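Can you read through this structure? Questions will come right after.
The values are calculated or read from the model by the stated rules, or taken from the named source; none is laboratory data. Treat the numbers as computed from the prediction; the structure is a model and nothing was measured. We place every Cβ from the backbone using ideal geometry, glycine too, and count neighbours over all the protein chains shown. SASA here: full protein model, heavy atoms, side chains in, ligands and nucleic acids out. Shrake-Rupley method; radii C 1.70, N 1.55, O 1.52, S 1.80 Å.
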Amino acid sequence: MLNKPVLVESLIVFIIVLFLHALVWDRYSWCAVALAIQAFYVQFKWDRLLQLGGAVFQFRTAANSGLLPASMVIPLLGIAMKERCKSAGIVYFERFGIVVASTGMLVALFLSVIAVGITKPVPTNTCILTGVAGSIIIYTMKHSLTVSEVIEVLEVLLIFVYLSMILLYLLPRCFTPGEALLVLGGLSFVLNQLIKRSLNVIEGRGDPIDFFLLVAVVGVVLLGLFFTVLFIFMDSGTWISSMFFHMMTAVLGLGVIMPWLYRLIQRNPLFWLFQFLFQTQTRVYLLAYWTFLAASACGVVFYQNAKRSSESKKHQASTITRKYFHFIVVATYVPGLIYDRQLLYVAAVLCLAVFIFLEYIRYFRIKPFGQTLRHLLSLFLDERDSGPLILTHIYLLLGMSLPVWLFPRSCAPKGTLSGAGALVPYSGVLAVGVGDTIASIFGSTVGEIKWPGTKKTFEGTMTAIFAQIIAVALILIFDSSVNLNSSYAWILASVSLVSLLEAYTTQIDNLLLPLYLQIMFMV
């Protein structure tokens, strides 16, 4: 029997795909539509595998596979980037958008083939659809990509295969298949870009903050893989292991990551970072303000844990309490987006590295803070944290930061886009910081009419849409660089579709919603 919420979620994704390609229909549109149709059918095969326990790896059980919404994100991002850079006349990044779209399609197709291959009995109709979609995609790639670009796409696919085998084995129940596609696909692309740029360093070419993002992400992931393998053979909770952890972190950071970054930016990374952070008085004020907000967030954690100790050992933080952090993150990102986006870019990278490093300390029970972090963060767990890692706060940071990191600065005149594209960096703030937060608060407090087949309410979704429209009006007032050029109908349609997707998706909304809103705004 078909799952009605999944059908509605799929319908919303199809509408987004058709809306996008109604504006930019070309040969890649056929590929995107074919991929969406086959992902829709394969999604139910994945759901059946998860229900019967027939999947090779252990996935998160409190959600469906999410294959269709995840499969379309990277291809649509690439197509939107291609169109933006084509209109700006930047050929290099137009080709880069085509590579991103092709890579996303091939990785999604690979995940579909796995599901079809291990389903018994073999689903004949789905196999035919997958074969047709694959033929269309490969034919289009053959006539669109150069030899070097084909090699790059295949490199990312190879990295994705190996990362999937390693991380899905080491981290059971942390992802759905769709979330794994998004996270591991993104990691594979970042790793391939870092290798490519490291082998082709040209002095003075490339923005140091882009290199900083690539090295930081790859560095913390490799650090985690190294310690995961190491602690298979030794107890990570002892003082000796903890001292070794801190020592090896310093050795790998100073001996591998710093020289790697030095090679890319051609200057001392620590001196560059210090000079960058304190370059202007505005940056000093922003850093002081963000430090205050970080201390406030820590205060909320300590207060809620003290409340748990005084009330009950089984006390869990409410939805409204967890949304405090969304308000804090909005208060963090909005001033950065208005006054200094480059500083926000770098600060978000640093914060991501710190979050992941603290999660390593918690997961491996590294002394002296590992057990304390386990106790403090257990209060804020929900059904999405069913695996060994706590990822919801990292997803929140990613959802707010990805629109800033993925903003096509080189294809934007004077650092900004016109029309709805001017709101691209605000996609995380609108979708997660405002929309998701308001929907949760109003839905859980005053919501009565539930969307069919879900726990989400009609009142929550409507107030989320209304709140995001008000937020757009405030952005227009306070950010002089934003010029919407009468694209209000498109913004309303984009916000409404993404809010409906929030109501029906069982995937990590902190990660999925900002990306879809960014795609809609970029077009």
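Per residue of the stretch 342-349, what does 6.51 cos²θ - 1.76 cosθ + 1.60 with θ = phi - 60° give for ³J(HN,Hα)? Whole Hz please, x for Gly and Pro, Karplus curve as stated.
For the stretch 342-349, the Karplus curve yields 5, 4, 4, 4, 5, 4, 5, 5 Hz.
So, with a 1.4 angstrom probe, what is the percent of accessible area on the stretch 218-307 that is carbon and sulfur? List each step's numbers first, then the result.
Working: 4060 of 5390 Å².
Summing carbon and sulfur atoms, their accessible area is 75 percent of the total for the stretch 218-307.
Sticking with this structure for a sec: Counting Lys and Arg as +1 and Asp and Glu as -1, each charge on the Cβ, what is the dipole of the chain about the Cα centre in debye, to the nearest 20? Each step should come with its number before you reach the end.
Working: 35 positive and 25 negative charges, 110 e Å.
I would put it at about 540 debye.
Sort out the exposed loop GluC sites (Glu not before Pro) in the chain (DSSP loop, at most 11 other Cβ within 10 Å) and tell me the longest stretch that has none. Working shown, then result.
Working: sites that count: 203, 383, 448.
So the longest stretch without any such site is 1-202.
Of 380, 441, 464, which is farthest along the charge dipole of the stretch 364-481 in the positive direction, counting Lys and Arg as +1 and Asp and Glu as -1 at C-beta?
Positive-most Cα among the choices belongs to 380.
So what's the back-of-envelope 222 nm ellipticity for the chain, counting only DSSP H runs of four-plus at -39500 (n - 2.57) apiece and dividing by all residues, rounded to 500? Don't skip to the answer; put the middle values down first.
Numbers: 20 runs with 375 residues, N = 523.
Helix-only estimate at 222 nm: -24500 deg cm²/dmol.
Provide 232, 15, 166 ordered by accessible surface of protein heavy atoms (probe 1.4 Å), highest first.
Numbers: 232 115, 15 55, 166 75 Å².
Descending order: 232, 166, 15.
Now for a different question. What percent do you get for the relative contact order of the stretch 154-251 when only Cα pairs under 8 Å and 6+ apart count?
Numbers: 31 pairs, mean separation 24.2, N = 98.
Result for the stretch 154-251 is 25 percent.
Go through 408, 41, 226 and say which Cα lies farthest out towards the positive end of the charge dipole of the chain; charges sit on Cβ, +1 for Lys and Arg, -1 for Asp and Glu.
Farthest along the dipole direction, towards plus: 226.
In nanometres, what is the gap between the two model label sites at residue 229 and residue 199, each 7 Å from Cα along Cα-to-Cβ?
So the two model labels end up 2.1 nm from each other.
Could you pull the accessible area for residue 384 with a 1.4 Å probe, rounded to 10 Å²?
50 Å²
Can you list residues from other chains, or at least 5 along the same chain, whose modelled amide H is less than 5 Å from the amide H of residue 506?
64
What does the charge dipole of the stretch 15-98 about its Cα centre add up to, to the nearest 20 debye, if the Cβ of each Lys and Arg holds +1 and the Cβ of each Asp and Glu holds -1? Let's see the in-between values first.
Numbers: 8 positive and 4 negative charges, 19 e Å.
Charge dipole, the stretch 15-98, about its Cα centre: 100 debye, nearest 20.
OK, next. Quick check: at a probe of 1.4 Å, how many percent of the accessible area of the stretch 1-153 sits on carbon and sulfur atoms? Provide the component values of the computation, followed by the final result.
Working: 4660 of 6750 Å².
Ligands and nucleic acids excluded, carbon and sulfur reach 69 percent.
Roughly how far apart, in whole Å, are the Cα centres of the stretch 1-65 and the stretch 420-446?
Cα centres, the stretch 1-65 to the stretch 420-446: 24 Å.
Just the number please: accessible area per residue for the chain, 1.4 Å probe, all protein chains included, in Å².
Working: 23450 Å² over 523 residues.
Ligands and nucleic acids excluded, the figure is 45 Å² per residue.
Moving to a separate point now. About its Cα centre, how strong a charge dipole does the stretch 439-523 have in debye, to the nearest 20, once Lys and Arg get +1 and Asp and Glu get -1 at the Cβ? Present the calculation step by step, with values, prior to reporting the outcome.
Values: 3 positive and 5 negative charges, 29 e Å.
That gives a dipole near 140 debye.
State which entries of 4/307; 45/196; 86/456; 45/455; 4/86; 45/82 exceed 30 angstrom in Cα-Cα distance in the structure shown.
Values: 4/307 40 Å; 45/196 36 Å; 86/456 40 Å; 45/455 24 Å; 4/86 39 Å; 45/82 32 Å.
The pairs that break the limit, which is 30 Å between Cα atoms, are 4/307; 45/196; 86/456; 4/86; 45/82.
Tally up the carbon and sulfur contribution to the accessible surface of the stretch 330-423 as a whole percent, 1.4 Å probe, everything protein left in place. Mind dumping the intermediate values first?
Details: 2320 of 3500 Å².
Percent of accessible area from carbon and sulfur atoms in the stretch 330-423: 66.
How large is ³J(HN,Hα) for each residue in the stretch 134-143, as worked out from phi by the Karplus curve 6.51 cos²θ - 1.76 cosθ + 1.60 (θ = phi - 60°), to whole Hz, x for Gly and Pro?
Result, ordered by residue: x, 5, 4, 5, 5, 4, 5, 4, 4, 9 Hz.
May I pose another question? Evaluate the relative contact order of the chain (contact order divided by residue number), counting alpha-carbon pairs under 8 angstrom at least 6 apart; express in whole percent. Numbers along the way, then the final one.
Values: 638 pairs, mean separation 95.0, N = 523.
Relative contact order here is 18 percent.
Give the long-range amide H neighbours of residue 457: residues separated by 5 or more places, or on another chain, with amide H under 5 Å away, using H modelled in the peptide plane at 1.01 Å from N.
Placed amide hydrogens put 451 under 5 Å from residue 457.
In the stretch 174-277, which chymotrypsin sites (Phe, Trp or Tyr not before Pro) are in a loop and have at most 12 other Cβ atoms within 10 Å, using DSSP for the loop call? Could the numbers behind the result be given before it?
Working: sites: 175, 189, 211, 212, 226, 227, 231, 233, 239, 244, 245, 260, 262, 271, 272, 274, 276; in loops: 175, 231, 233.
Those satisfying the criteria are 233.
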